[in-house]
């Protein structure tokens, strides 16, 4: 079997995961919009380092393969950074 055929089922699995991930991130950003509005109305800062650490710690407990934790934490930090950027753009 050639390499392309060997890769095909895994690439299909990646494509399916990407659909789920994008949908979940969009849902997360929908919530970010509301959080941003409330923070603005209440005069709160966008950046809450304690909350971010709680989120990263919670995410870490969800990871089944412990070797992935530092990488998934980095991905989530990036998601939160983009959410903060979006909240700032909303101002």
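The values are calculated or read from the model by the stated rules, or taken from the named source; none is laboratory data. Only a predicted model underlies this, so the values are computations on that prediction, with no experimental measurement involved. Every residue, glycine among them, receives a Cβ derived from its backbone with ideal geometry; neighbour counts consider all protein chains shown.
Quick look at the values:
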quantity	calculated
Residue that is surrounded by the fewest Cβ atoms within 10 Å (Cβ to Cβ), among those in the stretch 48-69 that are more than 23 Å from residue 36 (Cβ to Cβ) and more than 14 Å from the chain's Cα centre (by Cα)	64
Test: residue 22 is out of contact with any strand residue (DSSP E or B) (no Cβ under 9 Å at 6 or more places or on another chain) and either under 14 Å from residue 83 (Cβ atoms) or at pLDDT below 95 (or both)	no
Meets criteria (under 18 Å from residue 22 (Cβ atoms), modelled with pLDDT under 95 and assigned to a helix (DSSP H, G or I)) for residue 86	yes
Restricting the stretch 1-59 to residues that are assigned to a loop (DSSP other than H, G, I, E, B) and either out of contact with any helix residue (DSSP H, G or I) (no Cβ under 7 Å at 6 or more places or on another chain) or free of Cβ contacts under 8 Å to residues at least 12 places away in the same chain (or both), the residue that is nearest to residue 77 (Cα to Cα)	48
Number of the exception - residue 76 against (1) surrounded by 13 or more Cβ atoms within 10 Å (Cβ to Cβ); (2) without any contact (Cβ under 8 Å) to a residue 12 or more places away in the chain	(2)
